[in-house]
Amino acid sequence: MSWFVNLYRSTIGKKIIMAVTGLIGIGFVLVHMLGNLQVFIGQDKFDAYAAMLHGPLAEVVWGLRIVLIVAVVLHVLMAWQLTQRARAARPVDYRMREPQVSTWASRTMRWGGVLLLVFIVFHILHFTVGVIDPAHAFHETDALGRHDIYGDVVASFRIWWVSAFYIVAMIFLGLHLFHGAWSSLRTLGVAHPSAHPLKRRISAAIAIIVWLGFTLVPLGVIAGIVH
Amino acid sequence: MNLILHVWRQAGANAAGRFERYEARDVSADMSFLEMLDVVNEGLIANGQEPIAFDHDCREGICGMCGMMINGTAHGPMKMTTTCQLHMRSFKDGDELWIEPWRARAFQVVKDLVVDRSAFDRIIQAGGFVSVNTGAPQDANAIPISKQVADDAMDAAACIGCGACVAACPNGSASLFTAAKVSHLGLLPQGQPERYRRALKMVAQMDLEDFGHCTLFGECQEACPKGISIDFIARMNHDYLRAVATQREETAAGGTG
Ligand code: HEM
Ligand code: FES
């Protein structure tokens, strides 16, 4: 474990921890997004999918949850520590510093990250635990007596502020990944040298896919396609 | 042309600083930025005032001494150009310029625009060298090096240690500097024996000097007067990760011969 302690102590090591946990996050959001899109197939399919995750796959799901919780905790802890360090590295700020090439995405990693953290907590309390239940639909069951998560999704996204919050959060998730999917490969030192190192077509594609894939669900409800 | 300058004046490391307003009159477009400051200083001296302190040495873009922030851009508006090589034709009559020193905790202001960059020297001392036994030099062409490797190593070695990367970085990170120094030796065959040890030691020293971390904003690459690529940062990270993964305690056990 001494190698982990060494990593944890250095700035590059902390960034490597962020990159690995961030990539775990990217893997998760891609799978999660595909799962969510089943809402367009209909209530039966979606509730059956949820029942499968809570029934036969429950142990697997719990294993993944533990990995994700550890990843989020490490990611946020490293983000916090590195941000403090960066602040301390420039005690007297410039009167004027003009950003030249940094993207808005890169400059919103921190505040966007805070929004994502708030979103993640809200989202778990909303659809996973049901402590936040704006549509009063969490405890409903469908015709087959299954937990009717489909009905909860539809009822929730019909509430304007719930949809608005999810849609804004997904914009920031897309931005976070537009920078993060690109930068994490450089943090890990696995990106190939390039004549234009700031170009990032693949991460732009990942960002758009993730943003669109998640946003389609509230949009589908608002448009009445999912009802 | 006539310009208005707002220059950061600070008597010493622990003194409070402030911007002072100066007028630079009849500036020729052919002057370099430092020559323009020289003329302003002559005026100050003639008036019995303290001239503006700024660092400079070669005035030909190779020593790395002359860095300053000009209107929020390291080394001013011209890409891949040091302040001494920046000419006044990059500005126009009536321009108002804000001139500040590099700002980083590791780069303490010595006076006005002069900062102490010895943190960079200590990073180099930690590992930016190749250990060779003294004796007769071997034939220079005895070690074959591919053109691509030689070119990449030269690209990294172009770093003049001016500190613009730290100055332009929102995090005050010295990653581009350290990466260039780690890489230019790490790429070459002569640098291989100490490659991973070097990455560990130089990164450890970089951290000790209170620089920030790398977010890969890309600002350093844009500010660098030698156009050093952030790909070298990826390379340093790679060497560092490999070094941490394969690191073992250094021991001096064994026969004494
Ligand atoms: C939970 C709240 C989150 C916070 C507070 C947060 C914060 C941050 C910050 C501040 C950075 C930039 C670090 C730097 O300065 O270089 C970052 C990078 C990153 N984040 Fe997050 N983030 C969060 C959630 C996520 C999620 C959900 C994902 C993936 C789906 C993710 C993926 C990434 C990736 C891939 C990087 C790039 C790491 C690198 O540059 O090496 N983050 N995060
Ligand atoms: S004075 Fe030497 S680089 Fe400018």
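The values are calculated or read from the model by the stated rules, or taken from the named source; none is laboratory data. Being a predicted model, the structure only gives us computed values, none of them experimental. Counting neighbours? That spans all protein chains shown, and the Cβs are built from the backbone with ideal geometry, glycine included. Note: areas computed on protein heavy atoms with side chains; ligands, DNA, RNA excluded. Shrake-Rupley method; radii C 1.70, N 1.55, O 1.52, S 1.80 Å.
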For B:GLY212, which sequence-distant residues (separation of 5 or more, or a different chain) have an amide H within less than 5 Å of its own amide H, given hydrogens modelled in the peptide plane?
-> B:SER173, B:ALA174
Have a look at chain A and give its Rg and Dmax from the Cα atoms, expressed in angstrom.
-> 19.8, 65
Counting only Cα, what are the radius of gyration and maximum Cα-Cα distance Dmax of the stretch A:171-227, in Å?
-> 15.1, 49
For chain A, built as a Gaussian network whose Cα springs stay under 10 Å, the top-fluctuating residue of A:ALA105, A:ALA89, A:ALA58 = A:ALA89
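Count, for each residue of A:183-192, the Cβ atoms from other chains sitting within 10 Å of its Cβ, then give me the mean as a whole number. Don't skip to the end; give the middle numbers.
Details: counts 7, 1, 3, 9, 9, 4, 11, 4, 7, 2.
Mean inter-chain Cβ contacts per residue within 10 Å come to 6.
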Remind me, relative contact order of the stretch B:117-256 in percent, using alpha carbon pairs under 8 angstrom and six or more residues apart?
-> 31 percent
Spelling it out for B:MET65: with amide H atoms placed in the peptide plane at 1.01 Å from N, the residues 5 or more places away or on another chain with amide H under 5 Å from its amide H are B:ASP57, B:CYS58
Any chance you could get the radius of gyration and Dmax over the Cα atoms of the protein assembly as shown, in Å?
-> 27.6, 94
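Over the stretch A:109-227, what portion of Cα pair distances is larger than 21 Å, expressed as a whole percent? Display every interim value, and only then the final one.
Values: 3436 of 7021 pairs.
Of the Cα pairs, 49 percent sit more than 21 Å apart.
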Among B:LEU3, A:LEU30, what's the order by accessible area (1.4 angstrom probe), most exposed first?
-> A:LEU30, B:LEU3
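By average Cβ neighbour count within 10 Å, what is the ranking of B:67-74, A:150-157, A:189-196, B:143-150 from highest down? Write out the running numbers ahead of the final one.
Working: B:67-74: 23.9, A:150-157: 21.5, A:189-196: 12.6, B:143-150: 10.1.
The packing order, highest mean first, is B:67-74, A:150-157, A:189-196, B:143-150.
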In sequence order, what are the phi-derived ³J(HN,Hα) couplings for the stretch B:33-39 according to the Karplus relation 6.51 cos²θ - 1.76 cosθ + 1.60 with θ = phi - 60°, rounded to whole Hz, with x for glycine and proline?
-> 4, 5, 5, 4, 5, 4, 5
Considering only DSSP beta bridges whose two residues both sit in chain B, what percent are antiparallel, to the nearest 5?
-> 75 percent
Sequence of A:HIS176, A:HIS54 from largest to smallest accessible area, 1.4 Å probe = A:HIS54, A:HIS176
Pairing the Cα long axis of helix A:160-187 with the longest principal axis of chain A, what angle in degrees results, from 0 to 90 and rounded to the nearest 10?
-> 40 degrees
Scattering profile of the stretch B:54-119 from the Debye formula, Cα beads only, expressed as log10 I(q)/I(0) at q = 0.18 Å⁻¹, is -0.67
Expressed in nanometres to one decimal, the distance between label points 7 Å along Cα→Cβ at A:ARG87 and A:VAL114 is 0.9 nm
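Counting only other chains, and only Cβ atoms inside 10 Å, what mean value do you get across the residues of B:216-224? Present the calculation step by step, with values, prior to reporting the outcome.
Details: counts 15, 11, 9, 7, 3, 4, 5, 2, 0.
Mean shielding count: 6.
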Residue-wise, which Karplus ³J(HN,Hα) couplings in Hz belong to the stretch B:114-122, taking 6.51 cos²θ - 1.76 cosθ + 1.60, θ = phi - 60°, and x for glycine or proline?
-> 8, 10, 8, 9, 5, 4, 4, 4, 5
If you project the alpha carbons of the stretch B:117-256 onto the principal axes, what extent comes out on each, in Å, largest first?
-> 50, 35, 27
Mind listing the phi-derived Karplus ³J(HN,Hα) values for the stretch B:4-14, rounded to whole Hz, using 6.51, -1.76 and 1.60 with θ = phi - 60°, and x for any glycine or proline?
-> 10, 10, 10, 10, 6, 10, 8, 5, x, 3, 9
For chain B, find the longest principal axis of its Cα atoms and tell me its angle to the long axis of helix B:231-246, 0 to 90°, nearest 10.
-> 40 degrees
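Under 15 Å from the Cβ of B:CYS63, count the other residues' Cβ atoms, weight Lys and Arg +1, Asp and Glu -1, and hand me the total. Write down the numbers at each step before the final one.
Working: positive: B:ARG59, B:ARG117, B:LYS226; negative: B:ASP55, B:ASP57, B:GLU60, B:ASP121.
Neighbourhood net charge equals -1.
At 0.36 nm per residue, and after removing the present C-alpha to C-alpha distance, how many nm does the segment from A:TYR8 to A:TRP80 gain when stretched out fully?
Working: separation 72, 0.36 × 72 = 25.92 nm, distance 1.32 nm.
Gain in length upon complete extension: 24.6 nm.
Quick one: net charge of A:SER2's neighbours, Cβ under 12 Å, K/R +1, D/E -1? Before the final figure, lay out each step's value.
Numbers: positive: A:ARG9, B:ARG248; negative: B:GLU249.
Counting the neighbours of A:SER2, the net charge comes to +1.
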So if R0 is 30 Å, what FRET efficiency would A:ARG107 and A:ILE209 give, r being the distance between their Cβ atoms, rounded to the nearest 0.05?
-> 0.85
Taking only Cα atoms and a 10 Å spring cutoff, compute GNM fluctuations for chain A and point out the largest among A:GLU140, A:GLU98, A:GLU59.
-> A:GLU98
So what does the Cα-only Debye profile of chain B read at q = 0.07, 0.08 Å⁻¹, as log10 I(q)/I(0), no solvent term?
-> -0.30, -0.38
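Using only helices, what value at 222 nm comes out for chain B when you add -39,500 (n - 2.57) per DSSP H run of length 4 or more and divide by the total residues, to the nearest 500 deg cm²/dmol? Mind dumping the intermediate values first?
Numbers: 8 runs with 87 residues, N = 257.
Computed ellipticity for chain B at 222 nm equals -10000 deg cm²/dmol.
Listed here are the pairs A:LYS199/B:LYS79; B:LYS79/B:LYS201; A:LYS15/B:LYS201; which of them are more than 25 Å apart at the Cα? Numbers along the way, then the final one.
Numbers: A:LYS199/B:LYS79 19 Å; B:LYS79/B:LYS201 32 Å; A:LYS15/B:LYS201 18 Å.
Over 25 Å apart, Cα to Cα: B:LYS79/B:LYS201.
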Amide H neighbours of B:VAL110 under 5 Å, at least 5 residues apart or on other chains, H built in the peptide plane: list them.
-> B:VAL115, B:ASP116
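Given 0.36 nm per residue, what is the gain on full extension from B:CYS63 to B:ASP30 after removing their alpha carbon distance, in nm?
Details: separation 33, 0.36 × 33 = 11.88 nm, distance 2.15 nm.
Between B:CYS63 and B:ASP30, full extension yields an extra 9.7 nm.
Please go through the stretch B:48-119 and write out the trypsin sites (Lys or Arg not before Pro) that DSSP classes as loop and that have at most 12 other C-beta atoms within 10 Å. Mind showing how you got there, number by number?
On the way: sites: B:ARG59, B:LYS79, B:ARG89, B:LYS92, B:ARG103, B:ARG105, B:LYS111, B:ARG117; in loops: B:ARG59, B:LYS79, B:LYS92, B:ARG103, B:ARG105, B:ARG117.
Passing sites in the stretch B:48-119 are B:LYS92.
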R0 = 25 Å: FRET efficiency of B:VAL132 with B:GLU249, Cβ-based, nearest 0.05?
-> 0.50
Just for the Cα atoms in the stretch B:3-104, what are the lengths along the principal axes, largest first, rounded to whole Å?
-> 33, 32, 23
So what's the angle, to the nearest 10 degrees on a 0 to 90 scale, between helix A:11-37 and the longest Cα principal axis of chain A?
-> 20 degrees
